[in-house]
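Bear in mind that the values in this text are calculations on the coordinates, not laboratory data. Not measured: the values here are computed from a predicted model. All Cβ positions, glycine included, derive from the backbone under ideal geometry; neighbour counts span all protein chains shown.
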Amino acid sequence: MPTTAADGRTFFDEVIAATPGDPHLDRCLQCGTCGGSCPSGPDMDHTPRALIGMIRAGMRDQALRSNTPWFCVSCYYCMVRCPQDIHVTDIMYTLKRMSVKSKLYDDSTAPDFSKTFINWVENYGRAFELGLMSQHLLRHNPFGVFKIANMGVGMVTKGRISFTPKRIKGIDGLQAILAKAKELEAQYEV
Ligand code: SF4
Ligand code: SF4
């Protein structure tokens, strides 16, 4: 049963309005090239093709509860191969934002990982892998810290990751850019 937003817009309209630029969502042929190209397909509740079909069918709750956007690794392979130039990856980001806002995605792990990652980038200008992993595991799977401890120590000693976070030069400039991006994002709020 198609559902509409509180203001009467269809789900399709909501997704279009919340996605920067024109994602060309109305052009989808349901050819399945995107799903066939996706490295995360086996772990997804719905293929990218199916998810786009659900958006067009107005299946708001089902689409926003799907784990598909959270398993998207932003490789852009689907976008490169789509014969209709549909911005599939951008739509995945839109669905992530909408599912967090609507609280329809009931596994907090993936949204929380994204927030932790963004916090490091906002404060240091780059990700800090050791901090990201340990913060996330302590919050969601404390015993997992012991499982990855050896690997973490090995990577630090081999210089693959650093032991302490390092702030980039020009962090003030980056933070100003991020603040502006948030301001622009608010214009696409749904
Ligand atoms: S590849 Fe493009 S046209 Fe084909 S199903 Fe995916 S989004 Fe639709
Ligand atoms: S960008 Fe996301 S949806 Fe597209 S192929 Fe890569 S992982 Fe799959």
For the Cα atoms of the chain, what angle does the longest principal axis make with the long axis of helix 171-186, in degrees from 0 to 90, nearest 10?
20 degrees
In percent, how large is the relative contact order of the chain, given Cα pairs closer than 8 Å and 6 or more residues apart?
20 percent
Classify region 11-102 as rounded, prolate or oblate from the Cα gyration tensor: take a ≥ b ≥ c as the square roots of its eigenvalues, call it rounded if a/c is under 1.5, otherwise prolate when a/b beats b/c and oblate if not.
rounded
Between Ser114, Val153, Gly125, whose Cα lies farthest towards the positive end of the dipole of region 109-186 when Lys and Arg beta carbons carry +1 and Asp and Glu beta carbons carry -1, centred on the Cα centre?
Val153
Work out the charge dipole of region 11-102 with +1 on the Cβ of Lys and Arg and -1 on the Cβ of Asp and Glu about the Cα centre, then indicate which of Val15, Ala57, Met98 is farthest towards its positive end.
Met98
If packing is taken as the average count of other Cβ atoms within 10 Å, what order do 112-123, 138-149, 33-44, 63-74 fall into, highest mean first?
63-74, 33-44, 112-123, 138-149
Check the cysteines of the chain one by one and keep only those with no other cysteine Cβ under 4.7 Å from their own.
Cys28, Cys31, Cys38, Cys72, Cys75, Cys82
Charge sum, other residues only, whose C-beta stays under 15 Å from Arg139's C-beta, Lys/Arg counted +1 and Asp/Glu -1
-1
What is the dipole size for the chain, taken about its Cα centre, with +1 at each Lys and Arg Cβ and -1 at each Asp and Glu Cβ, in debye to the nearest 20?
720 debye
Suppose the chain between Arg167 and His24 were pulled fully straight at 0.36 nm per residue; how much longer would it get relative to their current alpha carbon spacing?
47.6 nm
Please state the shape class of region 75-144: rounded when a/c is under 1.5, otherwise prolate if a/b exceeds b/c and oblate if not, all from the C-alpha gyration tensor.
prolate
If the cut-off is 19 Å between C-alpha atoms, which aspartates and glutamates fall inside it for Lys166, apart from same-chain ones fewer than 8 positions away?
Glu122, Glu129
Which distance in nm do the two modelled labels at Tyr76 and Ser114 give, with both placed 7 Å along the Cα-to-Cβ direction?
1.9 nm
Quick one: dipole size for region 109-186, taken about the Cα centre, charges +1 on Lys/Arg Cβ and -1 on Asp/Glu Cβ, in debye to the nearest 20.
300 debye
Answer rounded, prolate or oblate for region 109-186, using the Cα gyration tensor with square roots of eigenvalues a ≥ b ≥ c: rounded when a/c is under 1.5, else prolate when a/b is larger than b/c, else oblate.
oblate
Go through Phe143, Val88, Cys75 and say which Cα lies farthest out towards the positive end of the charge dipole of the chain; charges sit on Cβ, +1 for Lys and Arg, -1 for Asp and Glu.
Phe143
Which listed pairs, of Lys115/Lys182; Lys96/Lys147; Lys115/Lys158, have C-alpha distances above 23 Å, in listed order
Lys96/Lys147; Lys115/Lys158
